[in-house]
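For reference, the structure discussed in these notes is given below.
Readers should treat all values here as calculations from the given coordinates under stated rules, not as data from a laboratory. Just so we're clear, the structure is a prediction, and the values are computed from it rather than from any experiment. Neighbour counts run over all protein chains shown; Cβ positions are idealised from the backbone, glycine included.
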Amino acid sequence: MSEKLWGGRFTKSAEEWVDEFGASISFDQQLVEEDIQGSLAHVTMLGKTGILAEEEVDKIKKGLTTLLEKAKKNELIFSAANEDIHLNLEKFLIDEIGPVGGKLHTGRSRNDQVATDMHLYLKKQVQEILEEVKHLQDVLVKKAEAHVETILPGYTHLQRAQPVSFAHHLMAYYWMFERDYGRLTDALPRIDKSPLGAGALAGTTFPIDRHYSAELMGFSGIYENSLDAVSDRDFILEFLSASSILMMHMSRFCEELILWSSQEFQFIEMDDAYATGSSMMPQKKNPDMAELIRGKTGRVYGNLFGLLTTLKGLPLAYNKDMQEDKEGMFDTVTTLKGSLKIFAAMIDTMKVRTERMKKATEQDFSNATELADYLVTKGVPFRDAHEVVGKLVLKCIEENKFLVDLTLAELKEANEFFEDDIYHVLNPVTVVSRRNSAGGTGFEQVKLAIEKVKKLQKNK
Ligand code: ARG
């Protein structure tokens with residue numbers, strides 16, 4: 001049984017186990033600093049507008065500052081009996097400075113308070129995550145610069161398609177992360193709004209100054225509608241959704257890293273720091289970290305779908321269901337930050353086995369398009385050229401050889417336009433270097449792309 005700050009209307013006290021079920025303190029204590037920051041802004045505003053006397057404001061501010069110091073030193077012992085971070089802190093404040101502490105909540109509700117805390121929290125986190133994404137992009141660009149002329153088989157349907165520059169492959173991911181960077185940046189102005197002063201749902205009779213408290217908290221503006229201010233969780237959904245796409249991009253690359261470090265590919269070798277051995281099989285070096293990032297993508301999607309589902313049937317305004325908005329958000333922040341750090345380090349330190357990659361491009365038919373294009377430049381319609389080369393590929397498969405192994409006589413037999421220069425054209429390095437259309441894998445294009453992106457990175 002416990003005494004409640006909101007107990008006035010109730011005749012019976014709540015049972016402890018009901019308290020525990022309803023409490024959010026076990027997880028929303030992560031918002032302790034944001035909650036105090038919001039309270040400091042609120043009470044300063046109450047002073048400025050004359051709603052509270054200056055000496056009351058001073059006492060409350062002092063009390064809050066003491067609580068902040070204690071929070072930083074982990075000295076606050078939270079209790080489920082006080083439900084959540086807001087009530088726990090209010091109780092601590094009253095214990096610290098006496099009944100005047102009870103004046104802090106004038107013109108405010110936990111509904112606008114909790115929304116304010118989450119806006120403060122997410123704004124800070126998204127800014128930090130953007131830095132991590134930028135760092136990852138820097139790592140990709142650095143790696144790409146070192147591998148412009150490293151060639152590897154490019155795949156479609158996981159079948160060898162055409163050789164590409166390894167830098168081009170890395171830069172493809174650069175652009176995916178660039179869009180992720182853009183999505184998170186786009187979400188920021190909507191996160192950067194203050195719901196404080198919306199009260200429980202309808203505003204307040206006190207002459208508060210919402211713009212002033214918003215400014216004190218560093219927000220760029222306020223929610224225009226009090227009902228929307230306390231009901232909106234779009235800003236979290238946008239974050240979860242941008243995070244899901246970002247995780248999906250990392251997961252795709254992780255899948256490639258896992259394949260590439262297999263015995264079958266051997267295109268890369270993970271640094272020992274990001275791989276583990278097997279407890280039974282001594283030969284094993286498992287790409288655990290890449291697999292974990294791929295696996296954790298699932299929980300980030302889960303957090304998005306969890307919150308979407310929680311919100312879909314809620315009438316305005318606040319409903320207790322909304323307390324379920326926090327754990328998924330916290331979990332996504334932790335998962336995303338951890339994954340970004342590990343992923344960047346993994347790319348940075350992995351050994352690229354350039355010889356293996358190159359060798360692979362020499363032992364496949366990924367230069368077949370080249371052969372067809374060659375005939376096209378001599379005036380053969382592409383469809384006919386495709387047919388001629390298809391037959392040559394079949395012949396090679398039957399005779400267990402590759403296109404470069406065909407003699408000029410054999411080639412001429414298939415089409416009279418083949419000349420001696422075809423062997424140079426078939427070389428995988430030539431194949432890559434000649435794809436100089438805008439955005440293509442030709443070395444010149446890749447170098448241009450890297451230069452362009454380096455400028456973009458500098459201006460971030
Ligand atoms: N712990 C609550 C939450 O996280 C705070 C808001 C509670 N408001 C209320 N009217 N019960 O959502």
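Worth a mention:
- Some residue of region 123-135 being within 16 Å of the ligand (Cβ to nearest atom) and under 30 Å from W6 (Cβ atoms): no
- Applying the criterion of at least 2 residues that are polar (S, T, N, Q) and closer than 22 Å to V230 by Cβ to the helices (runs of 4 or more DSSP H) found wholly in region 27-118 leaves 32-48.
- Yes/no for T185 being β-branched (V, I, T) and farther than 30 Å from L456 by Cα: no
- Within region 331-387, the set of residues being charged (D, E, K, R) and more than 18 Å from L403 (Cβ to Cβ) comprises D331, K337, K341, D348, K351, R353, E355, R356, R383.
- Filtering region 69-101 to residues that are among the β-branched types (V, I, T) and within 16 Å of the ligand (Cβ to nearest atom) leaves only I85.
- Cβ-Cβ under 6 Å pairs, at least 6 apart or on other chains, region 69-86 side farther than 17 Å from L5 by Cβ and free of Cβ contacts under 8 Å to residues at least 24 places away in the same chain, far side more than 16 Å from the ligand (Cβ to nearest atom) and in a loop (DSSP other than H, G, I, E, B): K70/L76
- Considering region 109-122, and only residues there that are of a type in the set (A, V, I, L, M) and within 24 Å of T205 (Cα to Cα), the residue that is nearest to the ligand (Cβ to nearest atom) turns out to be V114.
- Among helices (runs of 4 or more DSSP H) entirely within region 405-460, having at least 1 residues that are touching a residue at least 24 places away in the same chain (Cβ under 8 Å), of a type in the set (F, W, Y) and surrounded by 19 or more Cβ atoms within 10 Å (Cβ to Cβ) singles out 443-458.
- For the condition under 22 Å from V100 (Cβ atoms) and within 13 Å of the ligand (Cβ to nearest atom), G38 qualifies.
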